[in-house]
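The values are calculated or read from the model by the stated rules, or taken from the named source; none is laboratory data. Just so we're clear, the structure is a prediction, and the values are computed from it rather than from any experiment. Every residue, glycine as well, gets a Cβ built from its backbone with ideal geometry; the counts of neighbours run over all protein chains shown.
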Amino acid sequence: MSVTYLEAIRAAQARALAEDPRVFIYGQDVGAFGGAFKATKNLIAEFPGRVLDAPISEDAMMGLAVGAAIEGLRPIIEMQFADFSTAGFNQIVNQAATLFWRTQVPCPIVIRLPGGGTSGSGPFHSQNMEAVYAHYPGLVVLTPATVEDAYSLLLAAVALEDPVIFCEHKLLYYHLKAEALPNEALPLGKARLAREGRDLTIVTYSAMVHEALAVAQELCLEGWEIEVVDLRSVKPLDTDTVMASVARTGRLLCVGESWPWGGVTAEVIARVVSEGFDLLDAPPQRLNAKDTPVPFHPNLWAAHRPTARSIAAAARTLLRS
Amino acid sequence: MLLARVAEEKIASLYRAGKIHGGVFLGRGQEALSVAAGLALRKSDVFAPLIRDGAGRLAFGEPLIDAVRTYLGSRLGPMRGRDGNVHRGYPREGYLPMISHLGAMISVVNGVLFARRMKGIPDVVGLASVGDGATSTGSFHEGLNQAAVERLPLVLLIANNQYAYSTPNHRQFACRDLADKAAGYGVTCHTIDGTDFMECLRVLPAVVARAREGGGPQMVVARLLRLCGHGEHDDAGYIAPEFKTSALGRDCLHVAEEQMMQEQAVNAAELEAWRTETMEKVERVIARVQREPAPDPFQEDWRAIQTAHLVEVSASANPVDSRAPGAPQP
Ligand SMILES: Cc1ncc(C[n+]2csc(CCOP(=O)(O)OP(=O)(O)O)c2C)c(N)n1
Ligand SMILES: [Mg+2]
């Protein structure tokens, strides 16, 4: 029996609801309909009164979550698409993210953001929001790339006392499968070596991990050994694991599906350059989406985001430099 | 009311003397409404006051010293210098510390009420206070609609003091009366004269009781005038003179004093004694807080999340500068 990334997210929520009476889910169409992507399918039947349809009010959804968290509940907020979280942005960054610092009252909320590009989704159903939220103090930002991580990190997120931005990748929802769900909990804030190598480090996260692994496989046939670091969590960022990898390989390529200005790839490179300049044998490189809104048409979409092809090309150039 | 008025006047004079960091926002003209709101609530209720609710905060049970400590930035205050002036509270006790963004507290009150209902805690009311300007925000709309959909015991108190900073009502909304908005949400609205202390004292407990009895969200629109600048930096030269001389421009504190004298609840001499006593009390508290320690950047943990091991220690973060204002001098 295999489990998809989406099923893992549903299973993690079911387990959280079953194990912790403080947990509830609030979001548009999450009730009887089971959510736009069916991440909450049948949960309302299993947990009546704890899976609630919200009006199309991202601001008020987040405000309600903060109030409930103050009262000791543990809300899971489903944004129908990551893109719409901008309509609740104020409550996330100014209310949820500042509460603990201002008052010492923790704010345990999980905000699930189905994000990332899928062909045909266009500018408003494709965005990656991790860098925007990671910019704000007071938030933890997780970006699972695997079925196992989607499950474990979501459970860890619900257990955390702080607000978590949980970035799910829609492209992985149905295609990515695992044999079984993990049992042991995963420590937060630790990156994962997705593949070992000694010639070049690719640091990435979320769906781009799979593109990077495909590149590593391809370049392996050319005799290169590529190491792939899956960040798992972009905030906090596991600088130690990145630095240790760069120490082994001397070459760094950062790949992110979101826009190039600022962001996770810029942050990783800034840290490696300032804290580990001597480890580098070549200038570190990064690859992001183009600096335009995400296009609708598959031809444009596929050229907008990094792909195994463009990553392989960047890797080859860096390996030869 | 008197305590709020006297304390705020004193804080305003400290501001003019340059002894306060940041702004000072007074509730002058709004004390009757605010105090009636605070008194209508029980300690176990939920209160999200706004900038002009100094009186309501005291009535809800906030010790005067909390206000003074937050204004003066004492390390012993509820916000310990991390936030200031009107941004203070104890969220776990149902006393919510406002963020600046107008309208944003309404849905947070909803969340507390929602959680209490889920936890099976009965008989709770939550009161959120906003101004006429805040009614134009998306958060106001979303919050009130959400309360109505969830049928939460929310009282949404709108102090229509005719201006939002310098913006008059006619540039803020185009409906005939703010009260008309309630119908659009399926919410009952009550309109009151916010300068009339006795009316406020009569209506607000009744409205709170309706919410408590399961009547769903209640909206209250109170007419009044802001008898001060938006903040103490503002001379409010834009306020139309007609307003000042109209019934809206009555000082609710004087109205209250007259009402109480008419009822023979108090006489002029007693009022004078109250005032003197109150001044002394305020001065004592201020003198005490002025001797309290300021926050120390070296002792600050600079930690924005509860989970200590997830705090990022970035090499590029600004180190604590010993020359920063408030830091102990070498
Ligand atoms: C969302 C948002 N926009 C702008 C401001 C800046 N601001 C602070 S108070 C204020 C006027 C508020 O007017 P009103 O709601 O009528 O309350 P009043 O000051 O009259 O009591 C403005 C514009 C803010 N705090 N929040
Ligand atoms: Mg106003």
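Can you pull out the residues in region B:73-99 that are at the interface with chain A (Cβ under 8 Å from one of its Cβ atoms) and assigned to a loop (DSSP other than H, G, I, E, B)?
Listed by number, the residues that qualify are B:Pro78, B:Met79, B:Arg82, B:Asp83, B:His87, B:Gly89, B:Leu96, B:Pro97, B:Ile99.
Hey, among the residues in region B:100-136 that are among the charged types (D, E, K, R) and away from ligand 2 (no atom under 16 Å from the Cβ), which one's farthest from the other protein chains (Cβ to nearest Cβ)?
Here the answer is B:Asp123.
Which residue out of B:Gly81, B:Gly54, B:Gly61, B:Gly89 is of a type outside the set (D, E, K, R), surrounded by fewer than 23 Cβ atoms within 10 Å (Cβ to Cβ) and within 21 Å of B:Met1 (Cα to Cα)?
Sole residue among the options that is of a type outside the set (D, E, K, R), surrounded by fewer than 23 Cβ atoms within 10 Å (Cβ to Cβ) and within 21 Å of B:Met1 (Cα to Cα): B:Gly61.
Which condition does A:Gly117 not pass, out of (1) buried (at least 24 other Cβ atoms within 10 Å of the Cβ); (2) at pLDDT 95 or above; (3) not polar (S, T, N, Q), if it passes all the others?
In the conditions (1) buried (at least 24 other Cβ atoms within 10 Å of the Cβ); (2) at pLDDT 95 or above; (3) not polar (S, T, N, Q), A:Gly117 misses (2) alone.
Hand me the list of strands (runs of 3 or more DSSP E) wholly inside region A:202-308 holding 1 or more residues that are within 14 Å of chain B (Cβ to nearest Cβ) and crowded, with 22+ Cβ neighbours inside 10 Å.
Hits in region A:202-308: A:233-235.
Which residue pairs have Cβ atoms under 8 Å apart, sit 6 or more places apart or on different chains, and have a first residue in region B:198-227 that is over 13 Å from B:Thr188 (Cα atoms) and a second that is part of a helix (DSSP H, G or I) and charged (D, E, K, R)?
B:Leu225/B:Lys244
Looking at this structure, is B:Val130 away from ligand 1 (no atom under 13 Å from the Cβ) and within 30 Å of B:Lys43 (Cβ to Cβ)?
So B:Val130 does not fit the description; no.
Restricting to region A:53-69, what's the tally of residues that are at the interface with chain B (Cβ under 7 Å from one of its Cβ atoms) and surrounded by fewer than 24 Cβ atoms within 10 Å (Cβ to Cβ)?
2
Please indicate, with yes or no, whether at least one residue in region A:220-232 is among the aliphatic types (A, V, I, L, M) and more than 20 Å from A:Ser310 (Cβ to Cβ).
No, every residue in region A:220-232 fails to be among the aliphatic types (A, V, I, L, M) and more than 20 Å from A:Ser310 (Cβ to Cβ).
Is one or more of the residues making up region A:82-105 surrounded by fewer than 24 Cβ atoms within 10 Å (Cβ to Cβ), out of contact with any Lys or Arg (no Cβ under 8 Å at 6 or more places or on another chain) and away from every other protein chain (no Cβ under 14 Å)?
Yes: region A:82-105 contains one or more residues that are surrounded by fewer than 24 Cβ atoms within 10 Å (Cβ to Cβ), out of contact with any Lys or Arg (no Cβ under 8 Å at 6 or more places or on another chain) and away from every other protein chain (no Cβ under 14 Å).
How many residues does region B:142-176 hold that are part of a helix (DSSP H, G or I) and either near ligand 2 (Cβ under 8 Å from one of its atoms) or free of Cβ contacts under 8 Å to residues at least 24 places away in the same chain (or both)?
3
For A:Ala87, only one of the following conditions fails: (1) outside any helix (DSSP H, G or I); (2) over 30 Å from B:Leu76 (Cα atoms). What is its number?
(1)
Among the candidates A:Gly88, A:Gly72, A:Gly115, single out the residue that is in contact (Cβ under 8 Å) with a residue 40 or more places away in the chain and under 27 Å from A:Ala145 (Cα atoms).
Residue meeting the stated conditions: A:Gly115.
Can you go through A:Pro21, A:Pro48 and tell me which one is within 14 Å of another protein chain (Cβ to nearest Cβ), over 25 Å from B:Val108 (Cβ atoms) and surrounded by fewer than 16 Cβ atoms within 10 Å (Cβ to Cβ)?
Of A:Pro21, A:Pro48, the one residue that is within 14 Å of another protein chain (Cβ to nearest Cβ), over 25 Å from B:Val108 (Cβ atoms) and surrounded by fewer than 16 Cβ atoms within 10 Å (Cβ to Cβ) is A:Pro48.
If you go through region B:155-168, how many residues are over 10 Å from B:Ala222 (Cβ atoms) and crowded, with 18+ Cβ neighbours inside 10 Å?
Within region B:155-168, residues that are over 10 Å from B:Ala222 (Cβ atoms) and crowded, with 18+ Cβ neighbours inside 10 Å number 5.
What do you reckon, is B:Gly23 on the phi > 0 side of the Ramachandran plot and part of a loop (DSSP other than H, G, I, E, B)?
No; evaluated as a whole, the condition is false for this residue.
I'd like to check something: does region B:106-125 contain any residue that is within 18 Å of the chain's Cα centre (by Cα), part of a loop (DSSP other than H, G, I, E, B) and at positive phi?
No: region B:106-125 contains no residue that is within 18 Å of the chain's Cα centre (by Cα), part of a loop (DSSP other than H, G, I, E, B) and at positive phi.
May I ask you to list the residues in region B:183-198 that are under 22 Å from the mean Cα position of the chain (by Cα) and more than 15 Å from ligand 2 (Cβ to nearest atom)?
If the condition is that a residue be under 22 Å from the mean Cα position of the chain (by Cα) and more than 15 Å from ligand 2 (Cβ to nearest atom), then B:Cys189, B:His190, B:Thr191, B:Ile192, B:Asp193, B:Asp196, B:Phe197, B:Met198 are the ones that fit.
Cβ-Cβ below 8 Å, separation at least six or inter-chain, first residue in region A:161-189 and assigned by TED's automatic domain parsing to the domain that holds A:Val110, second among the basic types (Lys, Arg): which pairs?
A:Phe166/A:Arg112; A:Glu168/A:Arg112
Identify the residue in region B:148-180 that is closer than 26 Å to B:Arg116 by Cβ and within 16 Å of ligand 1 (Cβ to nearest atom) and, among all such residues, is farthest from the other protein chains (Cβ to nearest Cβ).
In this case the residue turns out to be B:Ala159.
Restrict the check to region B:13-26 and report whether at least one residue is in contact with a Lys or Arg (Cβ under 8 Å, 6 or more places away or on another chain) and modelled with pLDDT of 95 or more.
Yes, there is a match, as at least one residue in region B:13-26 is in contact with a Lys or Arg (Cβ under 8 Å, 6 or more places away or on another chain) and modelled with pLDDT of 95 or more.
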